1. For segment 158-192, enumerate the residues that are surrounded by fewer than 19 Cβ atoms within 10 Å (Cβ to Cβ) and either touching a Leu at 6+ places or on another chain (Cβ under 6 Å) or more than 20 Å from Met25 (Cβ to Cβ) (or both).
2. Looking for whichever is aromatic (Phe, Trp, Tyr), under 25 Å from Val504 (Cβ atoms), in contact with a helix residue (DSSP H, G or I) (Cβ under 7 Å, 6 or more places away or on another chain) and at pLDDT 80 or above here; the options are Tyr318, Tyr274, Tyr282. Which one fits?
3. Check off (1) modelled with pLDDT of 90 or more; (2) closer than 26 Å to Ser152 by Cβ for Asp69 and give me the number that stays unchecked.
4. If we keep just the residues of segment 46-70 that are over 17 Å from Leu131 (Cβ atoms) and in contact (Cβ under 8 Å) with a residue 12 or more places away in the chain, which is farthest from the chain's Cα centre (by Cα)?
5. Could you check, for segment 456-469, whether at least one of its residues is more than 26 Å from Arg539 (Cα to Cα), in the same structural domain as Tyr318 (by TED's automatic domain parsing) and assigned to a helix (DSSP H, G or I)?
6. Collect the residues in segment 407-429 that are under 13 Å from Tyr397 (Cα atoms) and modelled with pLDDT of 95 or more, keeping them in residue-number order.
7. Among Ala321, Ala363, Ala349, which is touching a residue at least 12 places away in the same chain (Cβ under 8 Å) and closer than 20 Å to Leu494 by Cβ?
8. Phe93: in contact (Cβ under 8 Å) with a residue 40 or more places away in the chain, out of contact with any helix residue (DSSP H, G or I) (no Cβ under 9 Å at 6 or more places or on another chain) and either assigned by TED's automatic domain parsing to the domain that holds Trp63 or surrounded by fewer than 22 Cβ atoms within 10 Å (Cβ to Cβ) (or both), yes or no?
Amino acid sequence: MLESKLLKRNVFFFVTEFVCGTSIMAVEIGASRLLAPYFSSSQIIWTIIIGSIMIAMAIGNLWGGKIADKHPGVDHLFLLILIAGAYICCVPFFGRYVIALFTAFLALFVDNGLLIWSSLLTCLILFVPPLLILGMVTPTLVKRCAVKKNTSGKTVGLLEALNTIGSIIGTFLPTFVTIPTIGTALTFLLFGGLLVIVGLLYYVFWFIDFFDGRKRKPEDKGSVPLKEREPGKRVHGSALSKAIVIPLMLVLAVTGGVLDAGSNFVFWNEDLVYQGESVYNYLQVKREGDGTLTFSTNVLFGVQSIKKPNDALTGMYYDVALAAPYYAGIDQTGSADILVLGNGTGTYASLCKNDLYLPYRTAIEGVEIDQKIIDISHEYFGITDEVESVHCDDGRYFITHASKTYDVIMADPYSGISIPFQMASVEFFQEVYDHLNDNGVMVLNFNMIDEGPQSVNAAIGDTVASVFPSCRSVKTGGNLEFFAFRNPESARNLTPAVIETLPVDEAMKYNLRSVVDNAKPYADGGIRLTDDNADVELRSMGAIDGIIKDELSFYRQIYDERGFWGLLKYLMS
């Protein structure tokens with residue numbers, strides 16, 4: 001009989017160990033992608049995810065070992081695996097509402113570390129329960145399979161090896177195959193579905209055995225058919241409970257899958273032109289009512305690229321950055337070589353190619369690490385006609401190995417709290433300095449304004465100032481543009497008198513006047529970030545807390561005056 005061979009020889013249990021190891025790591029990778037659009041993909045968020053999962057696994061190991069000693073059978077384990085699989089299938093759809101609900105709730109009470117506490121609470125609710133169950137698998141199967149003393153070490157080693165091999169596959173497969181091709185939601189559904197299938201197969205064998213009445217050896221009592229254990233109500237009650245729970249879990253898994261397939265990260269927004277995922281990012285393109293296209297890699301931290309109808313100025317930091325070629329003397333030389341690190345969908349490159357703003361020869365290279373973003377720039381933002389070449393590469397790697405120099409280097413690699421430390425260090429800015437021409441200018445975009453001597457802006461600004469002899473900063477909306485001059489005299493190339501002589505439209509002249517009027521010399525405060533020590537993410541958490549606090553101040557006031565139910569009534573009205 002098939003059932004007897006698989007269970008007697010432990011083949012099915014070895015397969016179970018492999019599948020569970022695969023699913024554990026797939027859920028961990030998927031967790032980072034599920035949280036990234038809301039909380040970023042920073043090292044801090046990764047730490048919370050890994051820490052929560054390790055806690056769940058540790059508790060599962062202890063609990064599973066304790067139960068295995070008292071109840072050597074595996075019936076309960078496979079019922080739990082089935083429940084864990086169904087739970088995981090539902091995580092993508094319900095997880096988005098859990099994130100939104102608890103973040104909004106905690107925002108009323110938490111002043112510092114809101115994203116940390118919100119992401120931690122989300123992990124505890126969404127990922128700890130199923131992974132705690134999966135943590136019980138190894139000790140339970142060790143107890144079940146290692147029945148012979150002279151082979152127990154071999155059996156335990158095989159189970160651990162299968163779990164590890166499964167974990168390796170569960171790490172690489174979602175990252176490079178399933179998430180970029182079918183998305184995060186269906187990745188959860190795939191690996192949760194595997195767990196459901198494993199649980200179902202065991203109970204197919206179980207029910208065959210139950211109705212067949214085949215007896216087993218005493219040492220196999222964990223898998224002994226219920227009809228052979230104790231007669232009467234307990235037997236029928238156990239079978240009846242499984243007959244109820246198993247179909248219920250199947251319905252839950254299927255429902256979760258259907259809901260996952262029809263949902264999206266921004267569940268409150270239905271007018272997206274494009275939504276997808278890549279190896280690196282969640283991606284969305286939205287068209288506003290006036291025809292403006294916006295591109296974003298997250299949900300909570302604004303947009304990364306924008307294209308206005310008729311290629312008009314954006315009203316954002318890109319406009320301010322257009323001053324960089326003029327600081328570099330483009331109106332005197334008639335041309336400029338421009339490099340954009342963090343090209344996105346090419347907003348800055350498009351503006352630099354527009355004769356209304358830069359009526360000179362511009363040779364532009366873009367560097368973007370995400371190939372799917374480059375594809376989106378071609379399909380939706382018309383970048384093909386704007387940039388001579390776009391390199392799919394890491395910005396730090398590209399600038400380190402670049403063989404030419406540039407008049408302007410636009411560095412725009414920061415997104416939300418996700419600040420790549422290797423592009424905020426002395427070593428990086430020294431590479432930029434070395435790849436600028438004598439009158440070259442670096443323009444660096446800070447995607448948040450965080451003031452104070454220990455702020456993330458101060459830390460990166462001081463680091464830039466340690467490399468460049470002269471720097472100026474300009475506030476623009478929620479961003480801070482930082483101009484760093486290789487030659488201090490370059491700052492004098494753009495003056496009110498010069499602006500009036502430029503052959504550009506009035507909107508551009510107004511923009512440049514605003515830059516000149518608001519540009520402030522930067523004073524070095526002495527902080528130095530290096531490749532070895534760059535705590536940019538911890539520093540940026542303070543800025544995020546301040547932004548959220550300002551955005552929610554109105555609702556907090558209602559909460560203080562009317563209480564929770566008063567706020568709820570206001571939101572529902």
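1. Scanning segment 158-192 gives no hits.
2. Numbers: Tyr274 fails: under 25 Å from Val504 (Cβ atoms); Tyr282 fails: under 25 Å from Val504 (Cβ atoms).
Criteria check complete, one pass: Tyr318.
3. Every listed condition holds for Asp69 apart from (1).
4. Within segment 46-70, the first condition is being over 17 Å from Leu131 (Cβ atoms), and the residues that meet it are 66, 68-70.
Now restrict to residues that are in contact (Cβ under 8 Å) with a residue 12 or more places away in the chain: 68-69.
Values: Ala68: 37, Asp69: 40 Å.
For segment 46-70, the residue satisfying everything is Asp69.
5. Of segment 456-469, the ones more than 26 Å from Arg539 (Cα to Cα) are none.
No, there is no match, as no residue in segment 456-469 is more than 26 Å from Arg539 (Cα to Cα), in the same structural domain as Tyr318 (by TED's automatic domain parsing) and assigned to a helix (DSSP H, G or I).
6. Those that are under 13 Å from Tyr397 (Cα atoms) and modelled with pLDDT of 95 or more: Glu427, Phe428, Phe429.
7. Numbers: Ala363 fails: closer than 20 Å to Leu494 by Cβ; Ala349 fails: closer than 20 Å to Leu494 by Cβ.
Sole residue among the options that is touching a residue at least 12 places away in the same chain (Cβ under 8 Å) and closer than 20 Å to Leu494 by Cβ: Ala321.
8. no
The values are calculated or read from the model by the stated rules, or taken from the named source; none is laboratory data. All of these numbers come straight from a predicted model, not from anything done at the bench. When we count neighbours, we look across all protein chains shown, and the Cβ atoms used for this are built from the backbone with ideal geometry, even at glycine.
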